[in-house]
1. Within the stretch 1-23, which residues are farther than 21 Å from Y79 by Cβ and more than 11 Å from the chain's Cα centre (by Cα)?
2. I'd like to verify a number: residues in the stretch 37-46 that are within 17 Å of T19 (Cα to Cα) and surrounded by fewer than 18 Cβ atoms within 10 Å (Cβ to Cβ), how many?
3. Which of the helices (runs of 4 or more DSSP H) found entirely inside the stretch 7-97 contain at least 3 residues meeting this: at pLDDT below 90?
4. List every residue pair whose Cβ atoms lie under 8 Å apart, where the two residues are 6 or more positions apart in sequence or sit on different chains, the first residue falls within the stretch 53-69 and is within 14 Å of L2 (Cα to Cα), and the second residue, located anywhere, is part of a strand (DSSP E or B) and aromatic (F, W, Y).
5. I'd like to know if the stretch 15-29 contains one or more residues that are of a type outside the set (D, E, K, R), surrounded by 18 or more Cβ atoms within 10 Å (Cβ to Cβ) and touching an Asp or Glu at 6+ places or on another chain (Cβ under 6 Å).
Amino acid sequence: MLKLPAVLTHAAACGFFDTVAKEVPSMPGEVVVDASALSQFDSSALAILLECRRLALAAGKGFSVQGASGQLMQLADVYGVATLVPAAPQSPSVAAA
């Protein structure tokens with residue numbers, strides 16, 4: 001699982017692209033991005049998510065996002081990419097809580 005930092009704005013995203021490029025191709029199975037810590041972001045966060053998706057699909061892997069806030073999904077909707085950043089299915093223990 002790839003965890004996004006709390007702050008992912010343009011200034012921080014440039015360096016985070018290197019992390020994505022290294023980690024996503026080597027992840028076993030489906031690529032799940034944990035966005036639960038993300039509290040300050042701009043459209044650069046969407047660019048990171050779309051790059052994760054692109055790399056995952058290029059490697060023949062599934063892709064989903066876990067813990068995305070309503071604000072992040074609203075931004076994705078405004079940019080017309082909400083369907084490209086699907087929510088990860090909740091595990092039974094999380095759904096029961």
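The values are calculated or read from the model by the stated rules, or taken from the named source; none is laboratory data. The structure displayed is predicted, hence computed values, not measured ones. Ideal geometry is used to build each Cβ from the backbone, glycine not excepted, and the neighbour counts take in all protein chains shown.
1. We begin by selecting, within the stretch 1-23, every residue farther than 21 Å from Y79 by Cβ; these are 1, 3, 6, 15, 18-19, 21-23.
The answer is A6, G15, D18, T19, A21, K22, E23.
2. 2
3. On the way: elements: 10-26, 43-58, 70-78, 92-96.
Ranges flagged: 10-26, 92-96.
4. Hits for this filter: R53/F63; A56/F63.
5. Pass one, the stretch 15-29, residues of a type outside the set (D, E, K, R): 15-17, 19-21, 24-29.
Now narrow it down to the ones that are surrounded by 18 or more Cβ atoms within 10 Å (Cβ to Cβ): 16, 20, 24.
Retained after the next criterion (residues that are touching an Asp or Glu at 6+ places or on another chain (Cβ under 6 Å)): 20.
Yes; the residues of the stretch 15-29 include at least one that is of a type outside the set (D, E, K, R), surrounded by 18 or more Cβ atoms within 10 Å (Cβ to Cβ) and touching an Asp or Glu at 6+ places or on another chain (Cβ under 6 Å).
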